[in-house]
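The next block holds one structure in the form of structure tokens; read it before the comments.
The values are calculated or read from the model by the stated rules, or taken from the named source; none is laboratory data. Please read all numbers here as calculations on a predicted model, not as lab measurements. Please note: Cβ atoms are built from the backbone with ideal geometry, for glycine as well, and neighbour counts cover all protein chains shown. Remember, those area values only see protein heavy atoms, side chains included, never the ligands or the DNA or RNA. Shrake-Rupley method; radii C 1.70, N 1.55, O 1.52, S 1.80 Å.
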Amino acid sequence: MRTSAVSFPSLLRRRSLIVSVASAAVLVGCSTDSDSAGSGGSTSVSARARARAARDSRGLLRQYDAVLAVHPALAERLRPLRAEVAAHAAAFEEGTASPAATVSSSPTASPSASPTVPADEKSARASLAAAERSLADQRTKALLDVPGELARLLAGVAAAGAGHAYLLTKGDR
């Protein structure tokens, strides 16, 4: 009986594909109309949660961009994950009254310093993984406070973030 070895790059692509498919399924399956059909109180809670989630995703996107600017050699590994984070931000913005209000580059948004990027690639990936994990944990905790469809969206995006954290650190052992 012969066993075949799976190389790290193919394993990474396979896992990235699984995370991508799961994220896409969650994003496609979620509707913004269901959240607004509930009571008036849950609509404002939902709107605030969506705006916060969109802002947080945009912040994470800035972190990816900063790492890519400092470490262009990581582009092949980070671009698919960055693209998913951008899709998450867009999905959260879709449910807000004014998507432009949640984008961090809007004039009314509070200014934030450019993310600090570690000098070596491994540490830069680890910092992205920590940010993904932290945001996934935050979104998981927020599930208790939001209505159905938004909770499903938050859960799916939190799962994707946990998957991203895993993919960012998997080759480091």
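Residues of the stretch 134-154 that are surrounded by fewer than 17 Cβ atoms within 10 Å (Cβ to Cβ), under 19 Å from residue 94 (Cα atoms) and in contact (Cβ under 8 Å) with a residue 24 or more places away in the chain: 148 alone. When residue 87 is tested against the conditions (1) crowded, with 21+ Cβ neighbours inside 10 Å; (2) under 16 Å from the mean Cα position of the chain (by Cα); (3) at pLDDT 95 or above, the lone failure is (1).
Checking each residue in the stretch 120-129 for being farther than 11 Å from residue 60 by Cβ and touching a residue at least 12 places away in the same chain (Cβ under 8 Å) picks out 121, 122, 124, 125, 126, 127, 129. When residues in the stretch 62-73 are screened for being open to solvent by 10 Å² or more (accessible area, probe 1.4 Å) and within 14 Å of residue 127 (Cα to Cα), 7 of them pass.
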